[in-house]
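To start, the structure itself, in structure tokens.
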Amino acid sequence: MSLFLKFSKLSRPLTSRRVHSATNPEGGFRRVWALIGRPLRWIYWLPLGMGFTQYFYTLKTIRGRSMQPTLNPDTSSWDDIVVFDRYSISSGEPIRKGDIVALRDPLDSRKMIVKRIVAVAGDVVKTLPPYPDPEVFVPEGHVWVEGDEPFRTLDSNKFGPVPLALLDSKLMYIVWPLDRIGPLRSPISPVSKRGASRDFRWYSDMAAFEREQRRQSRVTTRSTTTSHS
């Protein structure tokens, strides 16, 4: 008899919970919502996220070595992850020489490439091999793009001036790796204090400044910006 009483006491909570669940639809609804609520919230916010990356800002991973040492330098074991600004391109803000942009590859529209704006409409560029002509005039509605590493890039010296319609976005900010996080800086001549030793950063900045000077020396400037309207 004592065994029967113990068994009855153990079974009551289980029976009670089953009856309560069956007679309380609110509890069942909460369990169902717990299962499907999170996916529904993702679905709710998904269009907003897609619209933001489509029209405003997007993250891209830089592949390859054509933009070294500005991007993916040999000193880093990581591929750079950067923020690109799509709004400035689609809204028709001026495109300036020196900007780094993502654009559709003129030779293969399925690919996206990253290059630097070297010249804009109205400028005359002294080309590099393999371009067939020693100089080229950049026509209206076009820009001239090049990689920072001239021996590892396919750029306007291969396919000529690029229509503005192929531009997708402008690089704004490096977010990875952490030791290089921050906005892109325009190359300037580094200054060292008297008596201070010149470290790796000084030589790197000087090399970037000299590269920029060589790029500018190849361009006869007729204008400094061009509109993408």
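The table for this structure:
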read-out	value
Any hit, segment 101-123, residues being of a type outside the set (Val, Ile, Thr) and touching a His at 6+ places or on another chain (Cβ under 7 Å)	yes
Every residue from segment 170-205 that is open to solvent by less than 50 Å² (accessible area, probe 1.4 Å), in a loop (DSSP other than H, G, I, E, B) and either over 20 Å from residue 117 (Cα atoms) or modelled with pLDDT of 80 or more (or both)	177, 190, 192
Residues of segment 103-147 that turn out to be over 20 Å from residue 66 (Cα atoms) and either touching a helix residue (DSSP H, G or I) at 6+ places or on another chain (Cβ under 9 Å) or open to solvent by less than 50 Å² (accessible area, probe 1.4 Å) (or both), as a count	10
Residue satisfying condition, being closer than 22 Å to residue 211 by Cβ, out of contact with any Lys or Arg (no Cβ under 8 Å at 6 or more places or on another chain) and among the aromatic types (Phe, Trp, Tyr), within set 151, 137	151
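The values are calculated or read from the model by the stated rules, or taken from the named source; none is laboratory data. Everything quoted here is computed from the prediction, not taken from an experiment. Every residue, glycine as well, gets a Cβ built from its backbone with ideal geometry; the counts of neighbours run over all protein chains shown. In case anyone asks, the SASA skips ligands and DNA or RNA and just uses the protein heavy atoms, side chains included. Shrake-Rupley method; radii C 1.70, N 1.55, O 1.52, S 1.80 Å.
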